[in-house]
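Trainee: The structure's right below; bear with me while I get my questions together.
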């Protein structure tokens, strides 16, 4: 039976808190270890060298949504081929 570790968190945060989260996420990607924890849950992730990266956005009826998804295989190296390996972001 496959082992499953789950972590779910949802909250309202200010932009500074979200920026700090992403900075720590970047640091974890560079180090190869990401630990997510809350009062009830915690999980240790060890990102692979190749990571499938997906960004989706939607604007509708005065609301905006952005989903960022990172996925990788824990035990083997796998190449992902998409439409393009390049994404641009600006502010």
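Trainee: Report, by residue number, each residue of the stretch 39-74 that is modelled with pLDDT under 95, closer than 17 Å to residue 10 by Cβ and surrounded by 11 or more Cβ atoms within 10 Å (Cβ to Cβ).
Mentor: 41, 42, 43
Trainee: Limited to the stretch 44-66, what total is found for residues that are under 27 Å from residue 30 (Cα atoms) and out of contact with any strand residue (DSSP E or B) (no Cβ under 9 Å at 6 or more places or on another chain)?
Mentor: 3
Trainee: Further question on the same structure: Taking the conditions exactly as written (over 14 Å from the mean Cα position of the chain (by Cα) and part of a loop (DSSP other than H, G, I, E, B)), does residue 39 satisfy them or not?
Mentor: Against the criterion (over 14 Å from the mean Cα position of the chain (by Cα) and part of a loop (DSSP other than H, G, I, E, B)), residue 39 qualifies.
Trainee: What tally of residues in the stretch 1-36 results from selecting those that are over 14 Å from residue 74 (Cα atoms) and either assigned to a loop (DSSP other than H, G, I, E, B) or in contact with a helix residue (DSSP H, G or I) (Cβ under 8 Å, 6 or more places away or on another chain) (or both)?
Mentor: Total meeting the criteria: 11.
Trainee: Does any residue in the stretch 1-13 that is on the phi < 0 side of the Ramachandran plot come within less than 9 Å, Cβ to Cβ, of a residue that is at pLDDT 75 or above and in a loop (DSSP other than H, G, I, E, B) six or more places away or on a different chain, and which pairs are these?
Mentor: Qualifying pairs under 9 Å: 5/41; 6/41; 7/38; 7/41; 8/38; 8/41; 9/38; 9/41.
Trainee: From the list 89, 34, which residue is closer than 24 Å to residue 12 by Cα and modelled with pLDDT of 90 or more? Even if it seems obvious, please write down each step before you answer.
Mentor: Numbers: 89 fails: modelled with pLDDT of 90 or more.
Answer to the check: 34.
The values are calculated or read from the model by the stated rules, or taken from the named source; none is laboratory data. All figures in this text were calculated on a predicted structure; none of them were measured in a lab. Glycine gets a Cβ as well: all are built from the backbone with ideal geometry, and neighbour counts include every protein chain shown.
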